[in-house]
Amino acid sequence: MFSLKQNSWFIRKVVIWRAVASIAWSVLLLPVTTAVFVLLSRFSLFHPIQWISDCTSLLTASSTIFSLVVLCGVVLITGFFNLEFYTLVPSIPCSRMALLGTVLHPRQCVHSLVYCTMGMLVMWCASVTIGGRYSTLGTPCRQSESGEVVTCLNEYHLFLLLAGAFMGYSHSFLGVVQNMYYVSFQPIQQYKYPRFKGCLPMVVKCSVIQALYSARNFAALYFFFGYVPKTWISSTLNLQIDSSLQPLDSLTGLLDFSLLYHLSISGAFLYLTWYLTVLLFRIYVTEFLALQDLALLSQHSLSRRLEVFNLSQPGGHPHNWNAISGECLCLLSELTQRLVAHQDAVASNGRVKSQSASSDTRSASSSSSVVSGTEDIAETPRLSVPLRTPGSVFKSSVGGANRVLTAPFTPDVDSPFSSPAIRRLVGQQDPHSPWSGTVQSPHIMRRGPKLWSASTESQSNGSPPGSPATVPSPPAASQKPSFLAQWLQNRREQVKSFLAKRVLIMYLFNKLPEASSQALFADSQAHIWALQGLSHLVAASFSEDQFGVVQTTLPNILSCLVVLLEAVDRHFKLPHASSKPVRTLCSMGDSTYKTLRFALRAALKTAIYKITTTFGEHLNAVNISTEHRKRLQQFLEFKE
Amino acid sequence: MCSLGVFPAPVTAAQTLFERNNELLSALHPGEHSQACDLPSPQFTRDTLKGHSRPESSSRSVFLDQRDTLWMRSAGAWRDAGLYGLLDEITNSAEEVPRFLAVGSACVLALLRWASSFHGSLFPHLTLSSDEMVAEFSQMLDWSDSALRSFAWHPHTDKFAVALLDDSIKIYKSNSSPTPTLKHRCQRSVCALQWKPLCGSALAVACQSCLLIWHVDPASLSTRPSSGCAQVLSHPGHSPITSIAWSPTGSLLVSASPVDTSMMVWDVAAESAVPLQRVGGGGVTYLSWSPDGSRLLAATPSALFRVWETRMWTCERWPCLKGSCQSACWSPDGGCLLLSMQGERVIYALTFSDLTGGPKAASVVADLSETTFPGPDGDLTVGGEVCSLSWDPRGERLAVLLKGDSQADNHPSVIAVFKTRSSPVFELLPCGFVMGEAGAEPRFMQFHPHFQHGALLTVCWSDGRISHVPFYFSSAGLLGGDSPQQALASNTTNPSSNKLYTEQIS
């Protein structure tokens, strides 16, 4: 497919090089962070001169150089994972079950495993650097009764290594829960260096706080379960346990200030290495993209605007403007349809309508879209809509896998029992089930060449028709229904009521409040830019458009905006839609996606105001329907 | 260069009503009465508004002294006054704590005090209390004493908001619709107000501890919108906020605090902020966004101000000779910036143009040193430091609020109004003084953003009154009239001509 090629072109030619540059900078920063770590780890208040000389000699030692090489490897792998996992459209699990599914997905398991290993590697480097009692796994010790020298297990070293693995796993886990790989865009544009400088204190603070939390949790974990790895390692490697030393999985062993200090700063070093790589990747990858470029340049650059309003020669067609406005309107009307479909699916009391009703909706919405003539829409807007989000201007195709995983739990599937995975297990073959939609998805993928915003058809492409098979059946909970299904095949209602009474099932499958709203607007950054760019262009056309090319599409644009506004207004009347998310303090995960719907509403109103204040009374001469005119009149009187 | 000496003598006996035929007319003239406009001009007196007499933390002294345990007191001190309070509490209760703890906390406290006094000697404004700081850097003259705390016109409609001494905000509209009163728990010591451009409802309020965004539905008849209509935006270390500025497109809001070296660029809907930090200057006191949105002025408490360009958010530093920048205003096309400095009695102009890449030095355009006018009841001295500057949206009138001398009885604060001309060279010409009723001094002023027949200056007076002074004139040619913004403005104000579309019968 053309768009797929274009998309991969963008990834191959632009994103990869940006990622490489960000990794190179992360590697260049490594000696600096390592030096700071060495200084802190050897810190002694009373012997400052010895401290400094120790550190300088250590920094030039061969062990440190080797550690640096290992750390470079870690940074490279981290950068590779960043490139592989980043997404512009966060996957928002709509129930706890979906979250569980995401965490236990094989891909995620591989990720966790790799991060555990990397954590251990970094911690090994850290323990070697700190030296002293931490340096090796085995230490010579004297057997108490016989007095001979044998190799004993150095528990301090083991403690740090296990802490590294623990921190690696918690990083990977929190990455899923907090959408660490979601890349958002700042409201303002800055050069890379000032942006990095501005973000650096935040990153350092985050990594220190995260390290303290992890150290606390790990100490608690080790207190209770520390003997398991200890005995295992000592029996496997045939190391003795030195009984003369205080074991670390005891209260007195853990209350060692120096141990906890070293654990914390090593943890902070570990997190800082990862977070810096993520930060640099985000900074590099989010500069200068097509739609953003449109939104900014339509505001700032007169010459670029004139180019848009110009006619092409020969022929005198406003191809530029048609392409731009068509693309923007397409994006916006797609959002409108998505909202309308969601509203139709969710009845006013928050319950899902019956299946027949929703299929009616489908036909209704498809017919309405034919009337509006925007483009071919999916036959099943419910599932296909989250799959074809053109929002991601660039999107690694692997991101699609996550989506497919969460697809059974899309916001539109409201009750736990209409979830297709379960329905499939219960044995109900529903011809209208969203799976058929996925299979039909090639129909959806027809579209003209893009001016910008390489579309994400590749996503739906990336999830091949056979994708239902790849969906892992949620392990614990779903086994039970499948057993029940064989047994109670004809008594679906009984299954329902039976399951509904199970607290655990309800807990896992109940929808998280707000999640469906967040998921609907997950890719709205693109819509916001489209709105800004379009409104700036239309407003500028009032004085700059010599040939009147904008006039021809003005009614279309206005009605599209008003229809979208109505849909958004109705969406905000749904329960939980207008409740504000709790702000998280200091985490590397970006929670911008949680408030995108508010941002979209504000941007939409501003866009309409921008057009109405510019055109003023002249809007009365534009050919639009009476209801829309009434709504615009409200804007003219500043009553919105 | 224009000086106050060439101004027509002020009429002290009566209030200035309006300007017509190049002459400021006062109530003395027979046959002239306030024909101005049907805009509301409310009056607030200090007696009817009860301010907060003392801060919350000191209310403890009213109650009987009760001995809590050390833990309770320490926790309370930590909550009320942070680390300082905690250390102070421990040091003061030396007989209850181990000796080393008391001595240690006393040492740490001394060290902290020494460090903060050193910091304060670098940046003297840091030693002020939060209220004093707001009073120092507010655009309102004599902020702490005034019944009116701040004022803002809506950029598109005949609607304004007034912040009052009792920390409430009232919204007035031109017709006799109800006037909503906004109150919020966090709304303390309001220093600045600004309506969001390209929006009918959002009002940003700079408070002592946070930034409030009120969403006041214009269609609603409610007189007390609930505090649920307000968004609270706060950032640790970013208070008190003394200045806010919306971008002209309404998409961003910038807030500044004199104690925070970074200014915050807020995406209000998403409630997220990007800090833009520059250490020099020790804080940011005043912000002003150019009307075309391309530049942003940020004044610091030191003798330094910055001009940010808003595409890539880089800034250029402008060190000043004497004091800090007190007030500034942009010409309507964003090409010219007028500034006033603390301790200097002149107005500086900076001219920006995209071709030359920015100005190299500021030029003095007006001299505002004291001038004495003889009057029927004694001499009247006029002139002094500039408290605030305001330029009308057409770029034809410039109002300057001059601080008086509170000790001398014939040296009041006045508003001097200049005519501005941009061609062949930028020039200020005298227009006149705007006087209030006897005994009233101006505190704050702002031009109406879209007055049809010229310019309309709204003045807040020391007696708590708000009055409107129209300036009737026909536009002689706009300052930088070739910009699209200006062309737009002239188009929309004159709907009968220059139709873009043919009328359609629907």
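Throughout, read-outs are computed from the coordinates displayed, never taken from laboratory work. In this text, all values refer to a predicted model and were calculated from it rather than measured experimentally. We place every Cβ from the backbone using ideal geometry, glycine too, and count neighbours over all the protein chains shown.
So the values come out like this:
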| item | result |
| --- | --- |
| Qualifying residue in the range B:186-197 (condition: within 14 Å of another protein chain (Cβ to nearest Cβ) and out of contact with any Pro (no Cβ under 8 Å at 6 or more places or on another chain)) | yes |
| Checking A:VAL103 against (1) closer than 22 Å to A:THR33 by Cβ; (2) surrounded by fewer than 19 Cβ atoms within 10 Å (Cβ to Cβ), the condition it does not meet | (1) |
| Sole exception among (1) within 9 Å of chain B (Cβ to nearest Cβ); (2) over 30 Å from A:TYR271 (Cβ atoms); (3) out of contact with any helix residue (DSSP H, G or I) (no Cβ under 8 Å at 6 or more places or on another chain) for A:THR595, by number | (2) |
| Of all residues making up the range A:171-191, the number that are of a type in the set (Ser, Thr, Tyr) and either under 13 Å from A:LEU263 (Cα atoms) or crowded, with 21+ Cβ neighbours inside 10 Å (or both) | 3 |
| Failed criterion for B:CYS325 (all others in (1) in contact (Cβ under 8 Å) with a residue 24 or more places away in the chain; (2) surrounded by fewer than 18 Cβ atoms within 10 Å (Cβ to Cβ) hold) | (2) |
| The listed residue being touching a Ser or Thr at 6+ places or on another chain (Cβ under 7 Å), of a type in the set (A, V, I, L, M, F, W, C) and either within 28 Å of A:SER301 (Cβ to Cβ) or at the interface with chain B (Cβ under 9 Å from one of its Cβ atoms) (or both), out of A:ALA602, A:ALA526, A:ALA567, A:ALA530 | A:ALA526 |
| Strands (runs of 3 or more DSSP E) wholly inside the range B:378-428 containing at least 3 residues that are touching a residue at least 40 places away in the same chain (Cβ under 8 Å) | B:386-391, B:397-402, B:414-421 |
| Residue in the range A:223-238 that is assigned to a loop (DSSP other than H, G, I, E, B), away from chain B (no Cβ under 14 Å) and small (Gly, Ala, Ser) present | yes |
| Selection within the range A:120-146 - more than 42 Å from the chain's Cα centre (by Cα) and loosely packed, with under 15 Cβ neighbours inside 10 Å | A:PRO140, A:ARG142, A:GLN143, A:SER144, A:GLU145, A:SER146 |
| Residue under evaluation A:LYS205, criteria (1) charged (D, E, K, R); (2) away from chain B (no Cβ under 14 Å); (3) out of contact with any strand residue (DSSP E or B) (no Cβ under 9 Å at 6 or more places or on another chain), criterion not met | (2) |
| Test for A:VAL622: is it under 23 Å from A:LEU332 (Cβ atoms), facing another protein chain (nearest Cβ under 8 Å) and aliphatic (A, V, I, L, M) | yes |
| Condition met for A:PRO555 (away from every other protein chain (no Cβ under 13 Å), surrounded by fewer than 21 Cβ atoms within 10 Å (Cβ to Cβ) and in contact (Cβ under 8 Å) with a residue 40 or more places away in the chain) | no |
| Qualifying positions in the range A:176-199 - in a helix (DSSP H, G or I) and free of Cβ contacts under 8 Å to residues at least 12 places away in the same chain | A:TYR193, A:PRO194, A:LYS197, A:GLY198 |
| A:LEU574 being farther than 30 Å from A:SER172 by Cα, crowded, with 19+ Cβ neighbours inside 10 Å and more than 13 Å from chain B (Cβ to nearest Cβ) | no |
| Test set (1) in contact (Cβ under 8 Å) with a residue 60 or more places away in the chain; (2) facing chain B (nearest Cβ under 10 Å); (3) touching an Asp or Glu at 6+ places or on another chain (Cβ under 7 Å); (4) farther than 30 Å from A:ASN82 by Cβ - A:SER579 fails condition number | (2) |
| Residues satisfying the stated conditions in the range B:88-112, i.e. within 39 Å of the chain's Cα centre (by Cα) and either exposed (fewer than 13 other Cβ atoms within 10 Å of the Cβ) or farther than 30 Å from B:GLY281 by Cα (or both) | B:ASP88, B:GLU89, B:ALA110, B:LEU111 |
| Single unsatisfied condition, A:PRO247 versus (1) touching a residue at least 12 places away in the same chain (Cβ under 8 Å); (2) closer than 30 Å to A:GLN186 by Cα | (2) |
| Residue match in the range B:350-370 (condition: in contact with an Asp or Glu (Cβ under 7 Å, 6 or more places away or on another chain) and not in a loop (DSSP other than H, G, I, E, B)) | no |
| The range A:287-312, residues that are within 12 Å of chain B (Cβ to nearest Cβ) and among the aromatic types (Phe, Trp, Tyr) | A:PHE288 |
| Condition check for A:SER53: polar (S, T, N, Q) and either touching a helix residue (DSSP H, G or I) at 6+ places or on another chain (Cβ under 9 Å) or closer than 16 Å to A:LEU270 by Cα (or both) | no |
| Elements of type helices (runs of 4 or more DSSP H) in the range A:523-640, at least 3 residues being under 18 Å from A:SER184 (Cα atoms), within 36 Å of the chain's Cα centre (by Cα) and hydrophobic (A, V, I, L, M, F, W, C) | A:524-544, A:596-615 |
| Where A:CYS199 falls short, out of the listed (1) more than 14 Å from chain B (Cβ to nearest Cβ); (2) of a type outside the set (Lys, Arg); (3) surrounded by fewer than 22 Cβ atoms within 10 Å (Cβ to Cβ) | (1) |
| Extreme residue, nearest to B:PHE7 (Cα to Cα), among residues of the range B:433-450 that are part of a loop (DSSP other than H, G, I, E, B) and aliphatic (A, V, I, L, M) | B:MET435 |
| Out of B:LYS183, B:LYS159, B:LYS170, sole residue that is within 14 Å of another protein chain (Cβ to nearest Cβ) and of a type in the set (Lys, Arg) | B:LYS159 |
